[in-house]
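Accompanying notes for the structure given below.
The values are calculated or read from the model by the stated rules, or taken from the named source; none is laboratory data. Since we're looking at a predicted model, the values are computed, not measured. Cβ atoms come from the backbone with ideal geometry, glycine included; neighbour counts cover every protein chain shown.
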């Protein structure tokens, strides 16, 4: 059997999960961020979707075969 996590890394992950569960109960609620910060991930995702579906160019259909021995 392959051991993926050591005892130390498992302990760090358990502490991180504990902090993520407890800190929102202790800390006061924060005000909402500005609208530009909310739109930033949406703009990045729209740009990535546009780049994914846009054609790569005229040389994208060519196949290059190299016979170097």
#### Entry: Subset of segment 29-69 (residues that are modelled with pLDDT of 90 or more and either in contact with a strand residue (DSSP E or B) (Cβ under 8 Å, 6 or more places away or on another chain) or assigned to a loop (DSSP other than H, G, I, E, B) (or both))
31, 34
### Qualifying residue in segment 21-30 (condition: loosely packed, with under 10 Cβ neighbours inside 10 Å and under 22 Å from the mean Cα position of the chain (by Cα))
yes
